[in-house]
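A.B. asks: Questions regarding the structure given below will be posed in turn.
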Amino acid sequence: MTSMASTSTAAPTRTVRIGSRKSQLALVQTHWVRDELQKQFPELAFEISTMETHGDKVLDVSLSKIGDKGLFTQELEDGMLQGDIDFAVHSLKDLPTRLPDGLMLGCVTQRENPADALVVHAQHQDKQIDTLPAGAVVGTSSLRRLAQLRHHFPHLTFKDIRGNLNTRLRKLDEGQYDAIILAVAGLERLGMGDRVHQHLPAEVSLHAVGQGALGIECRADDAEILALIKTLENRASTDRCLAERAFLRELEGGCQVPIGVNTVWANDTLTLTGLVASLDGQTLIKEEIQGTPAEAEQIGTTLAQRVRGRGAQAILDEINAENRS
Ligand code: DPM
């Protein structure tokens with residue numbers, strides 16, 4: 001009896017420190033990672049350190065205007081490089097495609113539904129995105145969602161919206177908007193999946209690179225931590241997200257560019273659809289490519305070169321010039 005009790009209360013061999021943003025969504029995600037790891041490694045202790053990132057502090061400025069290099073990740077990355085934390089859990093879509101020297105994307109978890117969701121005010125319960133009345137005010141601060149929706153539904157009015165999910169839903173319910181667009185995954189993780197009124201089909205809105213997956217970032221030379229987090233890796237999600245990230249990286253798009261993607265991984269074939277849109281929604285440049293999962297990054301890069309050849313670079317240059325001025 002005594003020996004059993006002493007085994008179960010034995011001091012953990014190592015304390016692993018996990019970095020997370022403070023937002024409710026970030027914490028739900030980080031707790032999930034911690035709980036999964038704790039189940040597999042009962043001998044380890046896990047500790048969560050929360051940090052505020054620049055993106056959490058600047059809530060009144062449109063995302064596209066505050067720049068994008070590590071907006072939601074930099075403070076966590078500094079923490080890893082300084083050795084204060086061992087790894088960081090991110091929404092993969094907020095993690096830049098180029099990481100600081102010394103850090104790597106160690107794991108992509110099983111992806112939730114990556115689609116965008118239409119969430120409507122109570123008075124539009126009987127509507128869908130294509131039946132909202134002319135002039136209806138749709139809230140989004142994603143240039144990607146804005147450009148695609150403007151293209152398909154020029155009769156709608158688009159208005160910036162910021163704040164966390166609860167703030168946005170409150171603004172919608174108060175009547176400041178007729179509808180808003182959010183990621184299905186974020187709503188579901190927060191237990192608010194019932195607010196998803198319609199999954200926007202890929203023909204209407206291609207989702208953001210990495211949307212719906214978690215990305216775990218760690219130090220490139222920490223083999224022990226890498227082996228630990230790799231146990232949460234999902235192969236299909238990883239291949240899909242690596243293809244998507246290679247597409248974005250090759251276009252040198254930050255997290256705030258009108259670039260959308262869709263991937264299908266089936267029968268040992270990976271299909272990637274990529275899109276670059278002009279902000280006014282007039283021009284959509286869209287291409288599709290297939291390859292084996294092992295060629296994930298290569299097909300992403302090739303697809304980027306194809307859309308660039310069709311005018312995508314000119315669109316991105318114009319947007320980048322505007323953001324700098
Ligand atoms: C990025 C974008 C948005 C977030 C841009 C985009 C949405 C901004 C907005 C890069 N990060 O999607 O085109 O609509 O104002 C973000 C959300 C999630 C991660 C929330 C959301 C949850 C879903 C996920 C914000 N980052 O998109 O509704 O984990 O993929």
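A.B. asks: Quick query: amide H of L156 versus all other amide H atoms, modeled in the peptide plane; which residues come in under 5 Å with a sequence gap of 5 or more or a different chain?
C.D. replies: Hits under the 5 Å cutoff: G135.
A.B. asks: Please list, in order along the stretch 27-34, the HN-Hα scalar couplings obtained from phi with the Karplus expression 6.51 cos²θ - 1.76 cosθ + 1.60 (θ = phi - 60°), rounded to whole Hz, x for Gly and Pro.
C.D. replies: 5, 4, 5, 5, 5, 4, 4, 4
A.B. asks: Return the subset of K22/K230; K22/K286; K22/K127; K127/K171; K57/K93 for which the Cα-Cα distance in this structure is over 27 Å, preserving the input order.
C.D. replies: Beyond 27 Å: K22/K286; K22/K127.
A.B. asks: Residues with amide H under 5 Å of V16's amide H, sequence separation 5 or more or different chain, H placed in the peptide plane at 1.01 Å from N; which?
C.D. replies: Residues meeting the criterion, in which the H sits 1.01 Å from N, are A45, F46, E47.
A.B. asks: Now for a different question. Please list 264-273, 184-193 highest first by mean number of surrounding beta-carbon atoms within 10 Å per residue.
C.D. replies: Going by the mean number of other Cβ atoms within 10 Å, highest first, we get 184-193, 264-273.
A.B. asks: In whole Hz, with x marking every Gly and Pro, tabulate ³J(HN,Hα) for the stretch 164-176 from phi via Karplus 6.51 cos²θ - 1.76 cosθ + 1.60, θ = phi - 60°.
C.D. replies: Calculated HN-Hα couplings, in order: 6, 4, 5, 4, 5, 5, 5, 4, 5, 5, 6, x, 6 Hz.
A.B. asks: Right, another one. Could you give the length gained by full extension between I48 and R310, i.e. 0.36 nm per residue of separation minus their alpha carbon distance, to one decimal place?
C.D. replies: Length difference between fully extended and current span is 89.7 nm.
A.B. asks: Could you state the number of Å between the C-alpha centres of the stretch 261-281 and the stretch 128-152?
C.D. replies: Comparing the Cα centres of the stretch 128-152 and the stretch 261-281, I get a distance of 20 Å.
A.B. asks: Have a look at the DSSP beta bridges in the chain and tell me what percent are antiparallel, nearest 5.
C.D. replies: 70 percent
A.B. asks: Nearest 5 percent is fine: what portion of the DSSP beta bridges confined to the stretch 114-186 is antiparallel?
C.D. replies: 50 percent
A.B. asks: Taking the mean number of other Cβ atoms within 10 Å as a proxy for protection, how do you rank 85-91, 139-145 from highest to lowest?
C.D. replies: 85-91, 139-145
A.B. asks: Could you run the Karplus curve 6.51 cos²θ - 1.76 cosθ + 1.60 with θ = phi - 60° over the stretch 203-214 and give me ³J(HN,Hα) per residue in whole Hz, x for Gly and Pro?
C.D. replies: Whole-Hz 3J(HN,Hα) from phi for the stretch 203-214: 5, 9, 8, 7, 6, 6, 4, x, 4, x, 10, 9.
No value in this document is a laboratory result; all are computed from the given coordinates. Being a predicted model, the structure only gives us computed values, none of them experimental. Neighbour counts are summed over all protein chains in view; Cβ atoms, including those assigned to glycine, are modelled from backbone coordinates with ideal geometry.
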